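Take a look at the structure set out below.
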Amino acid sequence: MRAILYVGHGTRVREGERQAIEFIERVKSQMDEPIQEIAFLEISSPSIEEGVATCVAKGATEIIVMPLLLLTAQHATTDLPEILAEVGPKYPTVTFTLGQPIGVTRTMIDAVIEQLSTQPVPKNAQLIIVGRGSSEPAIQQEFAEIASRLKLRTAIRSIDIAFLYGSGPKIEDVLALHQERKEPVVLIPYLLFSGLLMKRLERLQQTEKREVILTKRLGEVPSTARAFKEAVEKKMQSIELNGVSI
């Protein structure tokens, strides 16, 4: 029997944890698999090992592990495979398949456009897409692609990218670049749920001396849930066609 184990990142902010669970529950309601469970990569509970145990206790012989991650970074390339390499041998009769993060898809560009529609955006505003950040160069490339595809889909011609930590342009530095021009700024958080990073953006909004508009999070717009559902379905189709597993 097949199960889907949805894996969120986890957070110390209880509101963010609640939002992640509600988001996944919305996607679960649109899937037909008999066993669907939620786990977290870190901090929040249940853990991945606990989620796997629940799936097996309910009769799962095949578990698709779907990370609720936006882009491909260390959690997807290293942490999750390492955890499954530890957990998997404890269940020799169970097949594990690891899905991919959502990635840069047309539906995710729809989600960013929806984010922008949640706030009135002045014509002279400088838009900044703000990500979590990573030490991996691929993340910067993916953000550049997001900005490029957003320009193609809209009349927007000037979009900066910035990060809250890791390598790449820091949000404080990007804000400083536009300080002299005094134009309003629109911060587009490429973040799913409330957490410490979102709180940091809210503090930046409050301390800036010019108009700073902060759009809703990605987890608040419908297209993001649709994009995650598409990622789950894509992995399931891949399994049906190729029998891919780890």
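Before we move on, is residue 238 assigned to a helix (DSSP H, G or I), at pLDDT 95 or above, under 23 Å from residue 68 (Cβ atoms) and among the hydroxyl-bearing types (Ser, Thr, Tyr)? So residue 238 does not fit the description; no. Evaluate the following for residue 148: is it crowded, with 16+ Cβ neighbours inside 10 Å, among the hydroxyl-bearing types (Ser, Thr, Tyr) and under 30 Å from residue 80 (Cα atoms)? So residue 148 fails the test. For segment 102-118, residues that are in a loop (DSSP other than H, G, I, E, B) and either among the basic types (Lys, Arg) or at pLDDT 90 or above (or both) total 4. Of the set (1) among the acidic types (Asp, Glu); (2) within 19 Å of the chain's Cα centre (by Cα); (3) under 17 Å from residue 126 (Cα atoms), all apply to residue 233 but (3).
Within segment 45-67, take every residue that is in a strand (DSSP E or B) and touching a residue at least 24 places away in the same chain (Cβ under 8 Å) and give me the one that is farthest from residue 232 (Cα to Cα). Outline the logic, then answer.
Residues of segment 45-67 that are in a strand (DSSP E or B), as a first pass: 47, 62-67.
Subset that is touching a residue at least 24 places away in the same chain (Cβ under 8 Å): 62-67.
Numbers: 62: 15, 63: 12, 64: 9, 65: 9, 66: 7, 67: 9 Å.
The extreme case among them is 62.
With respect to (1) in a loop (DSSP other than H, G, I, E, B); (2) touching a Pro at 6+ places or on another chain (Cβ under 9 Å), the lone exception for residue 42 is condition (2). Only a single item in (1) touching a residue at least 24 places away in the same chain (Cβ under 8 Å); (2) of a type outside the set (A, V, I, L, M); (3) under 18 Å from residue 70 (Cα atoms); (4) surrounded by fewer than 18 Cβ atoms within 10 Å (Cβ to Cβ) is not met by residue 158, and it is number (3). Of the residues 221, 174, 232, the single one that is within 16 Å of residue 118 (Cβ to Cβ) and surrounded by 12 or more Cβ atoms within 10 Å (Cβ to Cβ) is 221. When 60, 53, 39, 76 are checked against the criterion of being farther than 24 Å from residue 1 by Cα, hydrophobic (A, V, I, L, M, F, W, C) and either touching a Cys at 6+ places or on another chain (Cβ under 9 Å) or surrounded by 15 or more Cβ atoms within 10 Å (Cβ to Cβ) (or both), a single residue qualifies: 76. Among residues that are of a type in the set (A, V, I, L, M, F, W, C), over 23 Å from residue 189 (Cβ atoms), part of a helix (DSSP H, G or I) and more than 19 Å from the chain's Cα centre (by Cα), residue 80 is not included.
The values are calculated or read from the model by the stated rules, or taken from the named source; none is laboratory data. Source: prediction; values computed, not measured. No Cβ is skipped: glycine too gets one built from the backbone with ideal geometry, and neighbour counts run over all protein chains shown.
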